[in-house]
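What follows is calculated from the coordinates using simple rules that are stated; it is not laboratory data. Source: prediction; values computed, not measured. Every residue, glycine as well, gets a Cβ built from its backbone with ideal geometry; the counts of neighbours run over all protein chains shown.
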Ligand SMILES: [Zn+2]
């Protein structure tokens, strides 16, 4: 499965407080209503804590959730 | 609510109190199994209580309960009050008000008339809006419109709220709060019958979190003071998290249906695990998924206390150990 890239996920300046690592872009699996997506998202390279920015959650992610709910 | 209940006890004698949802929101959402469950519980409790007459103030409750409790006599609080007359301490505003019938009373001539008769008995001057009685217009809440399509709900609210120049007076709490939310002065008839403030018409709508907390407090207060039962609400661990909110955060939470308790769960997670993100500019960000929704909270920390700046949520689940 191909990795989806989203411009909203381009965030800088965030660090993982627990690990002290800068977030880096990496493929992350997202699941909703039995659909699985691999999306490139900023995450901690050590503990894989993922950042879902506000614009992404309320924008594209919300649209996909609604599409799947209406299916 | 407490004053209305005290008034009924004082003037009717033995009156019990049932604090439970009638199921109208589940009905509007098409959740039939949920309604069936609820009707079962209601019927059982009603029988255990000796099949008493039921008094309900909300017109949606009246119509739902009539469907769910076959054989029960469901009477509107306004019918009861019309017989009893207004309670001592009821106030009559000087201004002319406009009457609003809620959707659930559209086909209920009796409750429409009881409401107006109460106002007349109290000497309240009122006018009818263009769309009234059987042709009354929705406040934006009916059918969960405001939840299913907030933008359209807002337009419907504003349309109805702005249909008159006078302050509204109504007998549905959702109509009252949605008018207030769109910036229109509005009263519930309880505000005149059981007054608590001179400025009831401009009281802001409580919002999701406060409405929920008010319900919990009402139950606790009644159990403690009226029934002397120690139904003391045991605080959940997350409820002990000290938190304040910026105006921006409060607005975001209200439009995004995020409760104070959801935010507290995220912050408790921060306190317990120390897992969150920190930005060069000082912002902190954490997430938590208590059940099916993942909540994100942007915050600052002042010692033990959290100051919340923003919050958002999504339903899609992040795989792989995200809190
Ligand atoms: Zn980490």
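Residues of A:57-69, mean number of Cβ from any other protein chain within 10 Å of their own Cβ, rounded to a whole number? Let's see the in-between values first.
Working: counts 10, 5, 0, 0, 4, 5, 0, 3, 3, 1, 0, 2, 1.
Neighbouring Cβ atoms belonging to other protein chains average 3 per residue here.
Could you tell me how many cubic angstrom of Cα convex hull volume the protein assembly as shown has per residue? Working shown, then result.
Working: hull volume 68.9 nm³, N = 394.
Spelled out: Cα convex hull of the protein assembly as shown, divided by residues, is 175 Å³.
Based on the Cβ-Cβ distance of residue B:19 and residue B:131, what FRET efficiency does E = 1/(1 + (r/R0)^6) give at R0 = 30 Å, to the nearest 0.05? Working shown, then result.
Numbers: r = 33 Å, r/R0 = 1.10.
After rounding to 0.05, the efficiency reads 0.35.
Can you quote the Å³ per residue value for the convex hull of the Cα atoms in region A:3-70, rounded to an integer?
Numbers: hull volume 5.8 nm³, N = 68.
With only Cα atoms used, region A:3-70 gives 86 Å³ per residue.
Is there a simple number for the mean count of other chain Cβ atoms within 10 Å of the Cβ of residues in B:282-292, and what is it?
Numbers: counts 0, 2, 2, 8, 2, 5, 0, 0, 0, 0, 1.
Mean partner-chain Cβ count within 10 Å for B:282-292: 2.
Quick one: Kirkwood hydrodynamic radius for region B:2-203, alpha-carbon pairs, angstrom, one decimal? Could you put the intermediate results ahead of the total?
Numbers: mean 1/r = 0.0564 Å⁻¹.
Result for region B:2-203, one decimal place: 17.7 Å.
Using a basic spin-label model with each label point 7 Å from the Cα along Cα→Cβ, how many nm lie between residue B:1 and residue B:147?
Label at residue B:1, label at residue B:147, 1.7 nm between them.
Quick one: among B:80, B:169, B:99, which has the greatest mean-square fluctuation in a GNM of chain B with alpha-carbon springs under 10 angstrom?
Maximum among the listed residues: B:80.
Please give the average number of partner chain Cβ atoms lying within 10 Å of the Cβ of each residue in B:305-317, rounded to a whole number.
Taking the mean over all residues of the peptide, I get 4.
I want to verify the translational diffusion coefficient of region B:237-314 in µm²/s; compute it with Stokes-Einstein, Rh as the Kirkwood radius over Cα pairs, at 4 °C and 1.567 mPa s.
Details: Rh = 12.3 Å.
Answer from the Stokes-Einstein relation: 106 µm²/s.
For a protection proxy built on the mean count of beta-carbon atoms within 10 angstrom, sort A:20-29, B:104-113 highest first, please. The partial results should precede the final answer.
Values: A:20-29: 14.9, B:104-113: 18.0.
Ranked from most to least packed, the peptides come out as B:104-113, A:20-29.
Relative contact order of region B:85-236, please, whole-number percent, based on alpha carbon pairs below 8 angstrom and at least 6 residues apart. Each step should come with its number before you reach the end.
Numbers: 206 pairs, mean separation 33.7, N = 152.
Relative contact order here is 22 percent.
How tilted is helix B:260-273 with respect to the longest principal axis of chain B? Cα atoms for both, answer in degrees (0 to 90, nearest 10).
So the helix axis and the longest Cα principal axis differ by about 20 degrees.
For residue B:47 and residue B:317, FRET efficiency with R0 = 35 Å and r from the beta-carbon atoms, rounded to 0.05? Numbers along the way, then the final one.
Working: r = 43 Å, r/R0 = 1.22.
E between residue B:317 and residue B:47, to the nearest 0.05, is 0.25.
To the nearest 0.05, how large is the calculated FRET efficiency for residue A:2 and residue B:208 if R₀ is 41 Å and r is the Cβ-Cβ distance?
Values: r = 39 Å, r/R0 = 0.96.
Efficiency computed from Cβ-Cβ geometry: 0.55.
When Rg is the radius of gyration of the Cα atoms in region B:1-107 and Rh is its Kirkwood radius, what does Rg/Rh come to? Walk me through the intermediate numbers first.
On the way: Rg = 15.7 Å, Rh = 15.6 Å.
A ratio of 1.00.
Which whole-number percent is the relative contact order of region A:3-70 (Cα, under 8 Å, 6+ apart)?
Details: 97 pairs, mean separation 21.3, N = 68.
31 percent.
Once you keep just the Cα pairs under 8 angstrom separated by 6 or more residues, what percentage relative contact order results for chain B? Write out the running numbers ahead of the final one.
On the way: 455 pairs, mean separation 34.8, N = 323.
Dividing the mean separation by the residue count of chain B yields 11 percent.
What do you get for the angle between helix B:32-48 and the principal long axis of chain B? Use alpha-carbon atoms, 0 to 90 degrees, nearest ten.
Taking Cα atoms only, the helix is inclined about 60 degrees.
Could you tell me the center-to-center distance, by alpha carbons, between region B:32-69 and region B:160-174 in angstrom?
Between the Cα centre of region B:32-69 and that of region B:160-174, the gap is 28 Å.
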